[in-house]
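Notes to accompany the following structure.
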Amino acid sequence: MLTFYSDDHRLHHAQGEMVGGEFKPCFEMPARADHVLARVRERDIGEVLAPRDFGLTPIARIHTADYLDFLQKAWAGWAAQGNTADFLPGVFPARHLRAKRPNDLYGQYGFHSFDCFAPITAGTWQAVYSSAQVALSGQAEIAAGAHSAFALCRPPGHHASADVMGGYCYLNNVAIVAQACLDQGAARVAILDVDYHHGNGTQSIFYDRDDVFVANIHGSPSFEYPHFLGYADEAGAGRGEGFNLNLPLAAGSAWDIWGAALETACQRIAAYGPDVLLVSLGVDTYQNDPISSFKLDSPDYLRMGERIAALGKPTLFVMEGGYAVAEIGINAVNVLEGFQG
Ligand code: SP5
Ligand code: ZN
């Protein structure tokens, strides 16, 4: 299968994040994409292509104008105030406050964030814009008739909702692609999110819709990030009732548990009968992932790809998380190789 990739991801390399009360190097670092790309080439799974530029229009089908305006202008405004270090938010319109968008940049950042894990640097906008174009280029390949493609996105996207960033995510690449599929004539799209963390952004974007079925397998929010979405009783609302599936799992879950959840998700996807399947491919379910608790081993990712392939749908894999940097390439490409058989 073809892989889409842009070097622009390197333009986003933030200085750090809070871990255990200390400011530590970001887990979400450029080397992640380098390792995946190296493994794609080592295993020779297919050509690697640069993305085409589809512009802002498909991005604006998912994200609000205010949000995109903030993302594009935030660094310049921050730098104009004399700052040189990364821009991070600190105050959020949580319960008991008023969610009215303020005029100042710092207030706007809190308005458009749910945590402090999405720093803005000089190159962040270009990196996230190109990451979305990578995803859209994979979508175009599927639309043109390919059975599968791999969008090697970085930064990832599944924690970003229509107007709120967080969890290393700014633009929701998989959601942008789902909407592009629908806009080009697909009737139904399924998203299977296998990242260790619940894809809260993707869920929220499609929660009241029946044209995108979203299935998530993840560490339960009862103990894991993002903490405030991803329970099993979140099944969709209105027209979307029954079109969201959450399969939260206990800490320490290994392939026996995880594979059973995948089976459940795949049966629901098959029953939905999508025209296209999009996989939010996070490999932070790996046993040695530094911020996660699941116990998947590298060969398990081959099984994952095999089960997904058995659905028989045109499938776009969209890279999300995975922080065991040395093994991320092996695990991600194992899914693709398992899929290809
Ligand atoms: C795309 C993606 O995978 N985003 C994940 C964002 C998680 N960020 C916050 C993680 C905080 C977890 N606590 C660290 C525990 C270290 N033992
Ligand atoms: Zn994750």
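The values are calculated or read from the model by the stated rules, or taken from the named source; none is laboratory data. Please read these numbers as outputs of a predicted model, since none were measured by experiment. Virtual Cβ from ideal backbone geometry, glycine too; neighbours counted across all protein chains shown.
Quick notes on this structure:
- Reported count of residues in the stretch 157-170, each being within 16 Å of ligand 2 (Cβ to nearest atom) and either on the phi < 0 side of the Ramachandran plot or modelled with pLDDT under 95 (or both), is 8.
Residues are listed down the side, and each one gets a yes or a no for (1) small (G, A, S); (2) surrounded by fewer than 19 Cβ atoms within 10 Å (Cβ to Cβ); (3) part of a strand (DSSP E or B); (4) within 15 Å of ligand 2 (Cβ to nearest atom):
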| residue | (1), (2), (3), (4) |
| --- | --- |
| I257 | no, yes, no, no |
| T264 | no, yes, no, no |
| A271 | yes, yes, no, no |
| S280 | yes, no, yes, yes |
| V283 | no, no, no, yes |
| N288 | no, yes, no, yes |
| S292 | yes, no, no, yes |
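- Restricting the stretch 74-101 to residues that are without any contact (Cβ under 8 Å) to a residue 12 or more places away in the chain and part of a helix (DSSP H, G or I), the residue that is farthest from G138 (Cα to Cα): A80
- For the stretch 294-323, the set of residues classified as surrounded by fewer than 24 Cβ atoms within 10 Å (Cβ to Cβ) and within 12 Å of ligand 2 (Cβ to nearest atom) consists of Y323 only.
- Answer from Y323, Y286, Y272, Y301 - the residue that is within 25 Å of C26 (Cβ to Cβ), at pLDDT 95 or above and either in contact with a His (Cβ under 7 Å, 6 or more places away or on another chain) or away from ligand 1 (no atom under 15 Å from the Cβ) (or both): Y301
- Residue count, the stretch 18-39 (criterion: in a helix (DSSP H, G or I) and free of Cβ contacts under 8 Å to residues at least 60 places away in the same chain): 1
- Pick from the stretch 187-222, criterion in contact (Cβ under 8 Å) with a residue 60 or more places away in the chain and over 14 Å from the mean Cα position of the chain (by Cα), ranking: nearest to ligand 2 (Cβ to nearest atom): G219
- Any hit, the stretch 223-231, residues being under 17 Å from D300 (Cβ atoms) and not polar (S, T, N, Q): no
- Leading residue by the ranking (nearest to Q184 (Cα to Cα)) among those in the stretch 40-69 that are within 20 Å of the chain's Cα centre (by Cα) and assigned to a helix (DSSP H, G or I): P58
Residue by residue, here is whether (1) within 16 Å of ligand 1 (Cβ to nearest atom); (2) under 15 Å from the mean Cα position of the chain (by Cα); (3) over 18 Å from D193 (Cβ atoms) holds:
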position	(1), (2), (3)
A132	yes, yes, no
A143	no, no, yes
L152	yes, yes, no
N173	yes, yes, no
A178	no, yes, no
